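Have a look at the structure below before the remarks.
Read the figures in this text as sums done on the coordinates, not as results from a lab. Bear in mind that the values here come from a model prediction, so they are computed numbers and not experimental data. Note that each Cβ is placed from the backbone with ideal geometry, even for glycine, and that neighbours are counted across all protein chains shown.
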Amino acid sequence: MSRLYGDPIEVWTRDGEPTQFVWHDRLYLVRRVLDHWVVAREWWKTSEGDPGERRFWRVEASPGREVGSYELRFDTAGSGWLLMRAWD
């Protein structure tokens with residue numbers, strides 16, 4: 001079962017891919033990237049007229065021994081990361 005969040009997170013990357021992130025004051029190490037996709041935003045829905053992109057990663061990550069699946073999103077227009085979803 002998955003849960004939706006949309007929580008801001010701090011993310012470290014290597015070659016554009018997330019390698020670790022902090023969520024709820026816990027450091028998660030990305031063990032594996034399961035999927036990656038990009039969604040272009042519609043220019044008419046942005047106040048600046050710059051559509052930017054939303055880049056998504058579905059990753060396996062863990063703060064310790066227990067590994068979970070997480071969906072991370074980076075918004076190029078706002079330069080911010082969000083944890084969008086977590087799977088048990």
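Using a simple spin-label model with pseudo-atoms 7 Å out from Cα toward Cβ, Leu4 and Val39 lie 1.0 nm apart.
Here the extension length gained between Asp25 and Arg65 equals 12.7 nm, from 0.36 nm per residue of separation less the Cα-Cα distance.
For trypsin sites (Lys or Arg not before Pro), the sites in segment 59-88 that DSSP calls loop and that have at most 16 other Cβ atoms within 10 Å are Arg65.
Among residues other than Tyr5 with Cβ under 12 Å from its Cβ, the summed charge is +1 (Lys and Arg +1, Asp and Glu -1).
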